[in-house]
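Undergrad: Pasting a structure here, questions to come.
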Amino acid sequence: MSAHAENLIHDDAPGHEGHGALSENNFLGLPNIKLAMWAFLGSECMFFGSLIGTYFFYHGNSLGGPLPKDVFSIGITSISTFLLLMSSVTMALGVDAMKQQKPLTARTFILLTAALGATFVGFQVFEFHEFYTEKHLALSTSLFGSTFYTMTGFHGTHVTVGVIWLVIMSILITKKKLVPGKEAVNVEVMGLYWHFVDIVWIVIFTFVYLLEFLK
Amino acid sequence: MSHGHEVGTLPHSHKKQYIILGIVLSIVTFIELGIPLMKGSPEIWTAAKELWAPLLIVLSIFKFGAVVGDFMHLRSDFTLYKILFISPLFLAMFSFFAIGSLSVVHFQPFGKGYAITAQDLSDGYVPPTVGGGAEPPWADDKFEAAFVDAQKGGFAKGKETFTTSCANCHRADGGGMPGLGVNLTDVCYKHGGKIAALYTTISKGVSGTAMPAWQTSMDSEKLRQVAYYVHSLKGLNVAGGRDCEGPKE
């Protein structure tokens, strides 16, 4: 693969963000890893699009309760939504610090992002537990139960994977196995994934939670 | 927003921009949360009732765009990345609306193909054309005995069918759902509340509404059981049911 033509094209394209791990740029001068991530996120759009679409297709067609309004708690969901949104800010700051060759600052922001993400997952576990034990909503209870748990569960899984990735990345930075600046693209790609997880939640929060409370 | 740089120098930092954007996104989120809370003040709520949902959607699109455009840098990044992300995004939105329109068609069948008309209803009963049972339910010798049996059994069979086929729109307790099934637990009936009339409505459906003609998927015995059960719901007036529609019986 000609992508291994080392340093043949080095980060000189206009508008480029200034990174590029050695020998990993393709013939367009774009880092393969970043191109792959955008392609993956494109497929993720369709993945979550169908999960959210399915939720709405069956919305209001459950044979019995509990219905969304009976189980949703806008207070708890708002807090976790806010935390996830803030984690996008800390993630962006982490990527920025990595590009500025400040690995320790970057690590602090990455760990902060991981902590916010883990708290979000914690809230979701709490929410699911409450729905299941107190509101008696299981995966098999109704169309609402199946579509709701599948959709939000897959999102929570994505957040969990992101948290693990963030922790691994901070360990790599600590062990100096990630060259700041040059290999900042690795952190940037992780950031893309993390921001994507955030935008999925932006959609779910508005369409599934907030619009439900308007009725 | 081009940040071309010489090799060896650091790229421009976006730190300030990120923090400002974070503050803006927080404010937008607080506005979003405030909207459902407006219900507390009915005057403001009803004044712009049709505006709240579009406003929430616009705010959500704004947040989406800000995170993708600025945090993910897609706005100033290469076109190839934009193509890779935005084309599947549109494809996903297209399937979303396609599924949505399918659900409208599925639950609100068009045309009068096999549904009854007001003239049919004036006679109280129209024999099913599909699924057998040409005889009116009251013409059956066993009609009364069957009704008594069903009553003794708590209309269990009818209830079973009701739960799987009718509760979708009429709610599990028969209270009805807005825009879908009417309340079956009050004493009002648009198309008659006698067993024969109920039998007809269930088997033939109601033209122009979401009520399908069940004669295509149920036999006369099943239709009758459901009619018995629906009749037994009369006057229960469950909580949160739809308002009375049609003449009282």
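Undergrad: When you look at the Cβ of every residue in B:45-57, what mean number of other chain Cβ atoms sits within 10 Å?
TA: Working: counts 1, 0, 0, 0, 1, 0, 0, 4, 5, 0, 1, 7, 5.
Counting Cβ atoms of other protein chains within 10 Å of each residue's Cβ and averaging gives 2.
Undergrad: Hey, another quick one. Is the shape of segment B:48-96 rounded, prolate or oblate, going by the alpha carbon gyration tensor and its root eigenvalues a ≥ b ≥ c, with a/c under 1.5 for rounded and a/b larger than b/c for prolate?
TA: Oblate shape, in that a/c is at least 1.5 and b/c is the bigger or equal ratio.
Undergrad: With labels modelled as points extended 7 Å from the Cα through the Cβ direction, what inter-label distance (nm, one decimal) is found for A:Glu130 paired with A:Phe40?
TA: Output for this residue pair reads 3.3 nm.
Undergrad: When the chain is fully extended, how far beyond the present Cα-Cα distance does B:Glu50 get from B:Ser101, taking 0.36 nm per residue of separation?
TA: Taking 0.36 nm per residue and subtracting the Cα distance, the gain is 16.3 nm.
Undergrad: Net charge near A:Ser170: determine it from the other residues with C-beta under 13 Å of the C-beta of A:Ser170, scoring Lys and Arg +1 and Asp and Glu -1.
TA: +4
Undergrad: Please report the net charge: other residues with Cβ closer than 11 Å to the Cβ of A:His158, K and R +1, D and E -1.
TA: Neighbourhood net charge equals -2.
Undergrad: Modelled label-to-label distance, A:Ala138 and B:Glu221, 7 Å Cα→beta-carbon offset: nm?
TA: About 3.2 nm, to one decimal.
Undergrad: Would you tell me the mean number of C-beta atoms belonging to other protein chains that fall within 10 Å of each C-beta in A:90-100, as a whole number?
TA: Working: counts 2, 3, 12, 7, 1, 5, 8, 2, 0, 6, 6.
Other-chain Cβ atoms within 10 Å of each residue's Cβ, averaged: 5.
Undergrad: Under 19 Å Cα to Cα from A:Lys215, which lysines show up? Leave out anything in the same chain fewer than 8 places away.
TA: A:Lys69, B:Lys39, B:Lys49
Undergrad: What net charge do the residues around A:Phe131 carry, taking every other residue with its C-beta under 15 Å from that of A:Phe131, with Lys and Arg at +1 and Asp and Glu at -1?
TA: In short, -3.
Undergrad: Take the Cβ-Cβ distance between A:Lys175 and B:Lys194 as r, set R0 to 56 Å, and report the resulting FRET efficiency rounded to the nearest 0.05.
TA: 0.10
Undergrad: 222 nm [θ] for chain A, helices only, -39500 (n - 2.57) per DSSP H run of 4+, per residue, to 500?
TA: About -23000 deg cm²/dmol.
Undergrad: For B:Phe94, put the label point 7 Å out on the Cα→Cβ axis and report which residues of segment A:27-42 keep their amide N under 20 Å from it.
TA: Output list for this probe position: A:39-42.
Undergrad: Of B:Ile31, B:Leu55, B:Ile83, whose Cα points farthest to the positive end of the dipole of segment B:15-107 (charges on the beta-carbon: +1 Lys, Arg; -1 Asp, Glu; origin at the Cα centre)?
TA: Of the options given, the answer is B:Ile83.
Undergrad: Can you send over the solvent-accessible area of B:His12, 1.4 Å probe, protein chains only, in Å² to the nearest 10?
TA: Ignoring ligands and nucleic acids, B:His12 comes out at about 120 Å².
Undergrad: Note down the relative contact order for chain A as a percent, whole number, built from C-alpha pairs under 8 angstrom at least six residues apart.
TA: 29
The values are calculated or read from the model by the stated rules, or taken from the named source; none is laboratory data. Since the model is a prediction, treat every value here as computed from it, not as a measurement. Backbone-built Cβ (ideal geometry, glycine too); neighbour counts: all protein chains shown. Remember, those area values only see protein heavy atoms, side chains included, never the ligands or the DNA or RNA. Shrake-Rupley method; radii C 1.70, N 1.55, O 1.52, S 1.80 Å.
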